[in-house]
Every structure is written in structure tokens, then in C-alpha cells.
Amino acid sequence: MPLPTPPIRAILDPMRFLRGAAHVGAGLVLTVAVGCTGGGGGTETSRTDPPASTRAGGATPAATSTTPAPTPADPVSLPALIQREHHGSGLRLGAVRLRTDAYTQYAVTYRSNGLTISGIMNVPRGEGPFPALVLAHGYIDPDVYTTGRGMPREQDLLARDGYVVLHTDYRNHAGSDDDPDNDVNLRLGYTEDVINAVQALRSADRPNVDDERIGLLGRSMGGGVVYNALVVAPGLVDAAVVFAPVSSRPEENVDRFQRPEGDPLVDEIEDAHGTPEEDPEFWRQVSPVTFVDRVTEPLLVHHGTADDTCPLAWSKATVAAFEAAGKDVELRTWAGEGHTFGPRWRESMDVTTAFFERHLG
């Protein structure tokens, strides 16, 4: 059962100033507890706190601080993304791709930390303003991926239910700019692109988008991207849903999907960052469960019991970490459903839209 959300969370949440802002993460100081999580024990998390504010008096010179500066985060890590200023802007609607009785679909681009990212956006008919959802798709080989691919059912249904739907292609996909280091850096750039998709929606100031009601939805690999976004930018959205997500521990994903296939990228990753045995601290700092204490949004996780791509055990472990940290999380298991969901997909989407209606208002 989900844990109740404290009624004063929106008042106490120090990151709620992000709403309507053009960037996030400026000036955060990260305190990281050194050590590895135990294989069979509780999940160890690293706490992150904002710095104490300082104020210079009128005629009194500012005192020189004797507190040592924090150690810079590994540039390939969630702490680095937490410390970074993210800039999402320039949302542009291009050609109309589809018109239906309920919505119009546009090709779009936006800027994500200096890169141009492509995608599609479904806009319901009517004046609005409508709540919005940013969709994070699962893994599809970028060589065969085409814009908007991965979640056509969700795009259509959610737009018909009255949501503006922005599906990001991610960098290195479709018409997006290339980031040659993204794969070896564990595709953390996708997290930036999702965060910046939300920011681009807000900064566009479109009258048919209610920028105070935005959620995230991710599938498979995109579920892992959503986990990352929640820990990097708490307060950015109102709620999140993931379907059949990958593991929240990246080394488990490498071991399941890449190592058995002899993917040469594994050697590149481990040459650059070390193996989990050689450098467990690096792998801890690219795992969202290490920083689960930062999450402020309610999360709904869907997983089928017959999923032979992403084991249900992965979602159970992630949800247990969220629960241990006192977070508002719910796991819905679906008997007999596989990775892509079939007979009960519509039922699972009814649960999803009800969840968003509760938390997006």
C-alpha cells in the first residue's frame, strides 16, 4: 500500500521553487556517505541537503568560510547531475503528423543542455489548459528508432483522456543531436533530456498547457530514466508512473542485457569506470536507490508477473527501497502479463490515469 503523503509536503519541500523556473539544481551541495550497499541487508542511502544560506550585512565584511569545499562529484554520476544546472527551453512545434477527432500530433524539438532533442507532442482539442505528461520510452536500437516510437498506445489514450503528451526521442535518436559519450556514460544523458523536456514545456508558456500539473511516465529503460529524474530534480513534477522498469542498479542491467550478448560496450564502460568489484563507489553513485531520500513525488510501479525481460524482483527491490525511505510508492503486479502488457493493458492504464488525476489535480 502507498504511504500517505504529508499534507504539508508542498510547504516543506525545499525544491518546490523549481515550478516555473528555467533551470534546476543550482548550487546544491551533496554529502555522500562512503560505502557499499549490502547484498542481503537494508538499502543504504546517501543524504543530500541544500547549503545553509548566507547573507552579507550592510557594512560588515563577509567572513571567510573555513569549511572545506565539497569534493567535486564524478562527472559521470547522479551527484553530478544533481549539482548541474539543467536548461530546457525552445520547445518548437513543427509539422502536423496526425489529426484525430480528439487531438493533433505535432513533430517537436526542444533544447536540452545545449543539444537539440526531437520528439512528438499530442495536444487535445479544446482550449485547455490541459495537464501534461512527459513520456520516456524503452530501449530501441537508435539505428532503427523513428521519432515518437515506443509507446503509441499510451500516447493515444492519454491524449484522448485530456493530457498534453510530450514523447521525447532522447539524444542520439531520430532527429536529435548526437552525444558520442552517452552510451559509455551509462546513458545518463537521457535523464537530462527528460528533465529538460519538462522545463521546455514550462518555459514555452503555452496557454493550452497547465504547467502546474505535469507528470512523468516511463516504460522499461524509460522507467529507469524516470527513477533518475525523480532523484536528480525533486519537485520538478507532481507524480510519476513506470511500467515494467529496468533495475534501479545499473550493474544488474549490464549483466542481464549487455554482457550475455557480448556487447563490446561493456568493455568500454568498465575500461572507463571500472567493474562493480573494482570500483563499487562509482556504481553506487549511478544508482538512483542510493539517493532515494531525495524523492518527493508519489510513484506508481506496474509490473507483470510473467515479465521475462525485466524481472519482477527488480521492481520489488526498488519499491522496498522507496518504502524504507518513507516515500509514497505503490507496486501493482499484474498476473500473467509480460513485459509489454497485453490483455490487461487497458486496465493498467485506467489505474494510471486515476493515479494522475489524484496527484495532478
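Rule-based calculations on the coordinates, nothing more; no lab input. Bear in mind the structure is a predicted one, so any value in this text is a computation, not a measurement. Using ideal geometry, Cβ is built from the backbone for each residue, glycine included, and neighbour counts are taken over all protein chains shown.
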Practice task
Output the peptides 204-217, 305-318, 288-301 sorted from most to least packed, where packing is the average of other Cβ atoms within 10 Å over each peptide's residues.
Solution key: 288-301, 204-217, 305-318
Fill in the blank from the handout: In nanometres, the difference between 0.36 nm per residue of separation and the alpha-carbon distance of VAL184 and THR116 is 22.4 nm
Handout entry: Cα-Cα separations in segment 152-205 greater than 16 Å, expressed as whole percent
Key = 53 percent
Exercise for the section: Starting from the Kirkwood radius over alpha-carbon pairs of segment 202-251, derive D by Stokes-Einstein at 4 °C in a medium of 1.567 mPa s and give it in µm² s⁻¹. Expected result: 109 µm²/s
Exercise for the section: Based on a Kirkwood Rh over C-alpha pairs, give the Stokes-Einstein translational diffusion coefficient of segment 71-122 at 25 °C and viscosity 0.890 mPa s in µm²/s. Expected result: 185 µm²/s
Completion exercise
Checking rank on 224-232, 169-177, 151-159, with mean other Cβ inside 10 Å and highest first, the result is 224-232, 169-177, 151-159
Problem - For segment 184-194, 3J(HN,Hα) per residue [Karplus equation, 6.51 cos²θ - 1.76 cosθ + 1.60, θ = phi - 60°, Hz, x = Gly/Pro] - result: 5, 9, 6, 6, 5, x, 5, 5, 4, 5, 6
Exercise for the section: Grab the beta carbon distance between ALA313 and THR71, set R0 = 30 Å, and tell me the FRET efficiency rounded to 0.05. Expected result: 0.30
Fill in the blank from the handout: For GLU281 and LEU98, extending 7 Å from Cα along the Cα-Cβ vector and measuring point to point gives, in nm, a value of 4.9 nm
Fill in the blank from the handout: tail above 16 Å in the computed P(r) of segment 219-290, as % of all Cα-Cα pairs, reads 54 percent
Handout entry: Alpha-carbon radius of gyration plus Dmax, which is the widest Cα pair, for segment 288-361 in Å
Key = 13.1, 36
Problem - Alpha-carbon gyration tensor eigenvalues x 5, square-rooted, for segment 120-278, Å - result: 31, 15, 14
Exercise for the section: Go ahead and run the numbers for FRET between ALA335 and ARG256, Cβ-Cβ distance against an R0 of 22 Å, rounding to 0.05. Expected result: 0.45
